[in-house]
Amino acid sequence: MSNILVAEDEPRISHFVERGLRSAGYACTVTPDGAEALVDAQSGAFDLVLLDVGLPSLDGFEVLRRLRATHPSIPVIMLTARNSVEDTVLGLDSGASDYLAKPFKFDELLARIRLRLRDREQTASGTLAHGQLSLDSRTRRAQVAGVEVDLSTREFALAEEFFKNPEQVLSREQLLSRVWGYDFDPGSNVLDVYIRYLRNKLGNEAIETVRGMGYRLR
């Protein structure tokens, strides 16, 4: 049974989420305070964190920043009424696994929880490899022909999607949904920017552009 930490200071929402999670078969702990949430999340007792932005003592962005410094792989889904693109990008770039704006449908929250827990299970075994490239999901490190390469949280998440689906063409929509967890403006170039970052670090030939379809790991 997966154990989920809910960091939410609005009782109506926390009770609603807690009841739903328990009905769905998850163990659940609720905390209304940011500092307490950070301590709980760093304890190693939880498989996933649902994190509100507007928490007392420490806001969600600061909790996430400090948590990622010590626990880079635990899935964190941010729940917030602050749904501007700027806030969403800040949360995701700070290391959030997903970002869900209030009000939300509980079925959608459950679907995102299942996805993030499944991703964690798939990578818990350790290293993903393809040719001379490898990713270590435990240390969040990458290697190219045995040479270690530093990747940011978002770069690693994007690389991980390619390594999980080697030689498979992944569309822009698939990559944005799985890595950023948010429906970006189709005109946004955020994916192109991060593809360029990965090519610079993993090699220009590592990720192939399939015109009109998407990208794939060669």
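The values are calculated or read from the model by the stated rules, or taken from the named source; none is laboratory data. Remember, it's a predicted structure, so these values are computed and weren't measured experimentally. Please note: Cβ atoms are built from the backbone with ideal geometry, for glycine as well, and neighbour counts cover all protein chains shown. When the accessible area is computed, the model is the full protein with side chains, heavy atoms only, and any ligands, DNA or RNA have been set aside. Shrake-Rupley method; radii C 1.70, N 1.55, O 1.52, S 1.80 Å.
Residues that are in a strand (DSSP E or B), over 16 Å from HIS130 (Cβ atoms) and among the charged types (D, E, K, R) within segment 203-218 are absent altogether.
The residue that is nearest to ILE207 (Cα to Cα), among those in segment 135-149 that are in contact with a helix residue (DSSP H, G or I) (Cβ under 8 Å, 6 or more places away or on another chain) and open to solvent by 20 Å² or more (accessible area, probe 1.4 Å), is VAL144. Considering only residues in segment 130-145 that are in a strand (DSSP E or B) and of a type in the set (S, T, N, Q), the one that is modelled with the highest pLDDT turns out to be GLN143. Within segment 84-106, the presence of a residue that is touching a helix residue (DSSP H, G or I) at 6+ places or on another chain (Cβ under 6 Å) and among the β-branched types (Val, Ile, Thr) is excluded.
Which residues, counting only those in segment 1-47, are more than 18 Å from LEU64 (Cβ to Cβ) and aromatic (Phe, Trp, Tyr)? Result: PHE16, TYR26. Filtering segment 23-57 to residues that are open to solvent by 20 Å² or more (accessible area, probe 1.4 Å), closer than 24 Å to PRO103 by Cβ and under 21 Å from the mean Cα position of the chain (by Cα) leaves TYR26, THR29, VAL30, GLY54.
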